[in-house]
Amino acid sequence: MRNIDRLPFIFAGVLFLLAWLLGFPMRAQSAPLMDVQCTLIADAASGKTLYQNGVCDQRFSPASTFKVPVSLIGYDSGILGDEHTPSWDYKPEFKALKRDQKTVDPMIWEKDSILWYSREITRRLGPQSFAGYVSKFDYGNADVSGNPGKNDGLTRSWVSSSLKITPVEQVDFLRRFLARKLPVSAKAYDMTSAIIPTFQAGGWTVQGKTGSTKLANDADKVQEKRSLGWFVGWANKDGRQIVFARPVVDTNRTDMPKGLKTRAAFLEDLPLLAK
């Protein structure tokens, strides 16, 4: 009799195994708390995908990777001058982390990823011009409204807020940046290229920007425990140029900001992925 009682469970297990083998969708695949990772590498000129692995069509907050478009905006609008102009002093009302409480210029801003400097650029630009640039860039969902009811889109929309972008969209934006197909001046392209941090990886000269934040979702407070790390950019080797994007979302907390950890892993992987 016990063997008969077990038959429904055995039958269910067989069905589950068959569904998995045949590739039928299962609810567990869309669980909101699953870890997410994507690596996307494309040829900068043609757009041909050279390597793709993971979930690359899901939008996330750009976090500090948004400093690339903000740099273009800053130089095109005249708010930024050159690598070291303007140099702005820290003010207590910026309420920044202790490590960011210092005098910052464009080079330091990008190298040390200083959030308050980004906010000063967008604040001086104004909401209409800021929204106009993001829309013309066709950047992600182009939503710079910010958090509902807080009127903070001008200074917070790109940090765990309304503005979101997929790895595929990051790569497309970077391709248009390198091809100079965005509506900004030649100076904006030149100066942005000059201040984006540079790294070496197995013969590749890499320029890119990290991003780190915690995922927040009012409908699911558990998601706030997940951390997001980005590394996006471009790389050159022997006359080849590629663009790339890697976001990592997981529930593991580390002492190192997730973006820095993501960058370190990508630089280690790059020579094997882009042969």
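Restricting to the stretch 95-135, name every residue that is in contact (Cβ under 8 Å) with a residue 60 or more places away in the chain, assigned to a helix (DSSP H, G or I) and within 19 Å of the chain's Cα centre (by Cα).
Those that are in contact (Cβ under 8 Å) with a residue 60 or more places away in the chain, assigned to a helix (DSSP H, G or I) and within 19 Å of the chain's Cα centre (by Cα): Trp109, Glu110, Lys111, Tyr133, Val134.
Check off (1) modelled with pLDDT of 95 or more; (2) outside any helix (DSSP H, G or I) for Ser160 and give me the number that stays unchecked.
(1)
Could you please give the count of residues in the stretch 136-153 that are surrounded by 20 or more Cβ atoms within 10 Å (Cβ to Cβ) and not in a loop (DSSP other than H, G, I, E, B)?
1
If you take the residues in the stretch 41-66 that are out of contact with any Leu (no Cβ under 9 Å at 6 or more places or on another chain) and either touching a residue at least 24 places away in the same chain (Cβ under 8 Å) or basic (Lys, Arg) (or both), which one is surrounded by the most Cβ atoms within 10 Å (Cβ to Cβ)?
Going through the qualifying residues, I end up with Thr65.
Between residues in the stretch 141-155 that are aliphatic (A, V, I, L, M) and residues that are in a loop (DSSP other than H, G, I, E, B), which pairs lie under 8 Å by C-beta distance while being six or more apart or on different chains?
These pairs meet every condition: Ala142/Leu163; Val144/Ser157; Val144/Trp158; Val144/Ser162; Val144/Leu163; Leu154/Gly126; Leu154/Val144; Leu154/Gly146.
Only one residue in Ala245, Ala194, Ala201, Ala219 is of a type in the set (Gly, Ala, Ser), on the phi < 0 side of the Ramachandran plot and at pLDDT below 95, so which one is that?
None of the others qualify; the one that does is Ala219.
Looking at Leu33, is it within 27 Å of Leu228 (Cβ to Cβ) and either at pLDDT 95 or above or part of a strand (DSSP E or B) (or both)?
no
Among the listed residues Asn252, Asn236, which satisfies the condition of being at pLDDT below 95 and either surrounded by fewer than 22 Cβ atoms within 10 Å (Cβ to Cβ) or in contact with a Phe, Trp or Tyr (Cβ under 6 Å, 6 or more places away or on another chain) (or both)?
Being at pLDDT below 95 and either surrounded by fewer than 22 Cβ atoms within 10 Å (Cβ to Cβ) or in contact with a Phe, Trp or Tyr (Cβ under 6 Å, 6 or more places away or on another chain) (or both) holds for just one of Asn252, Asn236, which is Asn252.
Output the residue which, of all residues in the stretch 46-94 that are in contact with a helix residue (DSSP H, G or I) (Cβ under 6 Å, 6 or more places away or on another chain), assigned to a helix (DSSP H, G or I) and among the β-branched types (Val, Ile, Thr), is nearest to Arg263 (Cα to Cα).
Val70
Contact list please: Cβ distance under 6 Å, first residue in the stretch 175-190 and assigned to a loop (DSSP other than H, G, I, E, B), second residue among the basic types (Lys, Arg) and modelled with pLDDT of 95 or more, pairs at least six apart or on different chains.
Leu182/Arg176; Pro183/Lys136
The values are calculated or read from the model by the stated rules, or taken from the named source; none is laboratory data. Since the model is a prediction, treat every value here as computed from it, not as a measurement. Because the Cβ atoms are built from the backbone with ideal geometry, glycine has one as well, and the counts that use them run over all protein chains shown.
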